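A short reminder: the numbers here are calculations on the coordinates, not readings from a lab. Predicted model, so just to flag it, every value in this text is computed and none were measured. Every residue, glycine as well, gets a Cβ built from its backbone with ideal geometry; the counts of neighbours run over all protein chains shown.
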């Protein structure tokens, strides 16, 4: 059976934009944001907001934040292409609290229906590798997750974002991701 595992944050859901919306609703000035260039972007929301407060705000609003995340522009096409070209499409995502897992599950169901074979929550990016099998693919924006997946015997594709590529121009990421999409759609994998 040919399976693919999809990450959620930055692949199917726009975590950065969703966080920006949340922080704006809490009165933070996010108009001066520079483009996020790595996953430790919490300080870019407001220099007075450190990582601990950033994580605390996300967790305090877990029900709303994880359930109403903004979908990435490519999400529907990616999921549909995977459904057409793989025997099973699964989700492997890092969400730690029970409230966040419940809300993330609702988001997946409300956004895509019940199309996913398995939905697995892990504590760290690298922990996704425990699901890797020889011919299974992982599509993820984390280099660490992709490397761990390959080390465990699977195959992986790095989904490009400004957070993982060092490319500040979104169009460079879009071109790389378009190549992934076309490869899936042509049934090459």
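Projected label points at residue 181 and residue 21, each 7 Å from Cα along the beta carbon direction, are separated by 2.0 nanometres.
What's the FRET efficiency of residue 52 with residue 151 using the Cβ-Cβ distance as r and R₀ = 45 Å, to the nearest 0.05? Once rounded, the FRET efficiency stands at 0.90.
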